[in-house]
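Okay, structure first, notes after.
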Amino acid sequence: MALAVALVVVIITLLSGYFFWAHTWWFPIDISKHGGAIDRQFTLTLIITGIIFVLAQLALAYAVWRYRDRGDGRKARYSHGNNKLEATWTIAATVLFIGLTLMGYHIWAGIHFVGAAPGAMRVEVWGQQFAWYFRYPGPDGQFGPVHIGDKYDPATGKYIDDNKVDDATGNYLGLDRDHDAASKDDIVTATLAVPVNQQVELILRSKDVTHSFFVRELRLKQDLVPGMEIPIHFTATKTGRFEIACAELCGLGHYKMRAFFEVMTEPDYQKWLQNMAAAQ
Ligand SMILES: [Cu+2]
C-alpha cells in the first residue's frame, strides 16, 4: 500500500511537471518590447518553485515508502523537530520569496511607473458597459472635451445636464464638434489600430464602472477607473490582429465586452486612419 501511495505521488509530480516543461498550455506569442522581461521573470520563478516542488514531493514519496508499516510490530518514534533545520529553510524561503518579488517589482515598475517617451503617439481608450471605443486626437494632436453626464457648476452650486452622448448618431463620447474646436478632428473608432515599432501611449478612461484593458500578447493589463485618466504605454513589435478583452467583471454583459487590437505597418495605419477620419 505504501509503495502504491508513493508511486502515485511520484507520477502526479512528474506528470504535472511535464506539462510545464513541454509548454502544453503556455502563453500566446509576445508582441511587445517589454514582454520579454516579464516572460523571463515568470520562467525564472517557475523554474525555482518547480525545483522545490519536485524535490518536496519526491521527499514525501520517499518518506511514505521508507517509514511504512512493515507489520513487525515496531512502535513509532516521534521527532520533536530540529530548530537549526527549521530556521534554515524558513530563512531560505524568505530570501527567495522577497528576492523574486523585488525582481518582479522592478520589471513591473519599469513598465508602469516610467512615463511614455515625448514623441509617443497618444490614443484614448474608453470603456463602457459593454463596449470599447478608441479616440485619436486628429491632426491638431488635441482631445476635445467629452460631455458624458452631469457637470458641477461652481457658480450656482448645482449640477447641470451636460450629456451629449447619442449612440444613434455614433457620438459615443458626447463630443460637441460644433462648439469645441479641439473635438472637430477627433476620430472615434471601435478598433484599436497602431503602427508597428512605434511607442503608443494609451489613456484609459471609463464612462461608468471599473473595467480592465487586457491584451495577452502585449503582456499588458490595466484597470480603467471612472473619473481617472490612467496612462500606459507599449511598443508593438509584430503586425497582426489580437483580442482586447475586459478583464474586470463589470456587469451582466461583461463576457461580450471585447474589441480588436490591430498592429499595422506605417502605410497601412495611415490609410486606416484616413478611412476612419472620413467616416466620422
Ligand atoms: Cu468591462
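Shape class for region 43-109, computed from the alpha carbon gyration tensor (a ≥ b ≥ c): oblate, with a/c not under 1.5 and a/b at or below b/c. Could you tell me how many degrees, from 0 to 90 and to the nearest 10, lie between the Cα long axis of helix 266-278 and the main elongation axis, the longest principal axis, of the Cα atoms of the chain? Between helix and principal axis, roughly 50 degrees. Taking a ≥ b ≥ c as the square roots of the Cα gyration tensor eigenvalues, region 173-261 comes out oblate, since a/c reaches at least 1.5 and a/b does not exceed b/c.
Sequence-ordered 3J(HN,Hα) estimates for region 5-17 from the Karplus curve with 6.51, -1.76 and 1.60 and θ = phi - 60° stand at 4, 4, 5, 4, 4, 5, 5, 4, 4, 5, 5, 5, x Hz, glycine and proline given as x. Using the Cβ of ILE107 as centre and a radius below 15 Å, the other residues enclosed give a net charge of +2, where K and R count +1 and D and E count -1.
Hey, fewest Cβ within 10 Å first, where do ILE244, ILE38 land in order?
Values: ILE244 22, ILE38 18.
Placing the least packed residue first, the sequence is ILE38, ILE244.
Couplings 3J(HN,Hα) for region 245-251, derived from phi with the Karplus relation 6.51 cos²θ - 1.76 cosθ + 1.60 (θ = phi - 60°), are 10, 7, 10, 10, 4, 10, x Hz, where x marks Gly and Pro. Per-residue ellipticity at 222 nm computed for the chain from its helices equals -12000 deg cm²/dmol, with DSSP H segments shorter than 4 residues left out and the rest contributing -39,500 (n - 2.57). Specify the angular offset, from 0 to 90 degrees and rounded to the nearest 10, of the alpha carbon long axis of helix 83-112 from the longest principal axis of the alpha carbons in the chain. The answer is roughly 20 degrees. You can think of it this way: the chain between GLU201 and THR101 has 33.3 nm of extra reach, that is 0.36 nm per residue less the Cα-Cα gap. Note on TYR78 and VAL5: the extension gain reaches 24.1 nm, defined as 0.36 nm multiplied by sequence separation minus the Cα-Cα distance.
Take the Cα of VAL54, go 7 Å toward its beta carbon, and the backbone nitrogen atoms of region 1-38 under 17 Å from that spot belong to 9-25.
When only C-alpha pairs under 8 Å and at least 6 residues apart count, what is the relative contact order of the chain, in percent? Display every interim value, and only then the final one.
Numbers: 434 pairs, mean separation 53.6, N = 280.
About 19 percent, as a whole number.
Here the gap between TYR67 and ILE230, fully extended at 0.36 nm per residue and compared with their Cα-Cα distance, gives a gain of 52.8 nm.
Over region 119-194, what is the mean sequence separation of C-alpha contacts under 8 Å (at least six apart), divided by residue count, expressed as relative contact order in percent? Before the final figure, lay out the partial values.
Numbers: 121 pairs, mean separation 25.2, N = 76.
Answer for region 119-194 is 33 percent.
Sorting 91-97, 196-202 by average packing, meaning the other beta carbons within 10 Å per residue, from highest down gives 196-202, 91-97.
Within region 32-112, which trypsin sites (Lys or Arg not before Pro) sit in a loop by DSSP and count at most 13 neighbouring Cβ atoms inside 10 Å?
Details: sites: LYS33, ARG40, ARG66, ARG68, ARG70, ARG74, LYS75, ARG77, LYS84; in loops: LYS33, ARG68, ARG70, ARG74, LYS75, ARG77.
Sparse-neighbourhood loop trypsin sites (Lys or Arg not before Pro): ARG68, ARG70, ARG74, LYS75, ARG77.
Distant-in-sequence amide contacts of SER212, defined by a placed amide H-H separation under 5 Å and a gap of 5 or more residues or a different chain, comprise LEU224, ALA247, GLU248. Remark: region 76-81, residue by residue, has Karplus-estimated 3J(HN,Hα) of 6, 9, 9, 9, 10, x Hz, where x stands for each Gly or Pro and the curve is 6.51 cos²θ - 1.76 cosθ + 1.60 at θ = phi - 60°.
This ranking places HIS233, HIS254, HIS23, HIS211 by how few other beta-carbon atoms lie within 10 Å of each, fewest first, which gives HIS23, HIS254, HIS233, HIS211.
DSSP beta bridges confined to the chain are antiparallel in about 75 percent of cases.
Here, each number is a calculation from the coordinates, and none is a lab measurement. Model, not experiment: these values are computed from the prediction. For neighbour counting, all protein chains shown are included, and Cβ atoms are generated from backbone atoms with ideal geometry for every residue, glycine included.
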